[in-house]
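As structure tokens, the structure follows; a few thoughts come after it.
Laboratory data are not the source of any read-out in this text; all were calculated from the coordinates shown. Note that this is a predicted model, so its numbers are computed, not measured. With ideal geometry, Cβ positions are generated from the backbone for all residues, glycine too; neighbour counts draw on all protein chains shown.
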Amino acid sequence: MFMFNRLLVMSFFLIAGLLLANSISYSYDFAFEAENADTIEAPMEVADDDLASNRKYVWVEGAAASSDRDHQGWVEFVINLPEAGTYALWGKVIAWDGNSDSYWVTWQPADPDEDAQQTQNTEFRWNVVHGNEWHWDRINHWLDGGTFEREWELPAGETTLRVAGREDATKLDVIFITDNLSEDEAEVNPRNPGPEDQLATPVEPKEKLAVTWGKLKSQK
């Protein structure tokens, strides 16, 4: 009987340990300032806003509903991914109206080396959710048949993310990368950059370091 009880107790702790291990998932996430781009191509530019993270953001300057510089300018980031996986992107944005609410987004090597501003390929068109205050929006495909959240399957190592102007006056403050593919903002919890993100140097137009992403976060 003693031996049976001992085996029962050991079995209980073994099962409890397995259940606890399975309840914990490990997720990579990383936030970085849009103005810390490795390359900023005019007329995309850095602008000031006391309510933005780090008090700066990027945009193609213009009034809401203006279109004189649409499909021009871009920011590009070199991002070293710590491991292969499937990732989603969220942007902290302001989009005033239907004429100032979109970008083109490509992330190589998952996406081809394509100039979406020239090809107008809707696979890379991001329809930004409207809002006159800073808010989070997951980067999507704005296809002719509807709008669908994007995912990128990428290898470990160097990748290149480009966010290119489609409609001027669309503001971009922060980009958040995660392998949590939920569409629920509360579950993903995108955030502004913090010390844990190990950011590269601030914007120095011709002297950039790659954005290094390496935070391991435990989630229950």
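Computed values, structure above
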{"quantity": "Per-peptide average of other Cβ atoms within 10 Å, ordering 92-103, 182-193 highest first", "calculated": "92-103, 182-193"}
{"quantity": "Separation in nanometres of the label points that stand 7 Å from Cα toward Cβ, at Thr39 and Glu183", "calculated": "3.4 nm"}
{"quantity": "At R0 = 25 Å, FRET efficiency that the Cβ-Cβ distance of Asp113 and Gln72 yields, to 0.05", "calculated": "0.85"}
{"quantity": "Environment charge of Gly98, counting only residues whose C-beta is closer than 14 Å and scoring Lys/Arg +1, Asp/Glu -1", "calculated": "-3"}
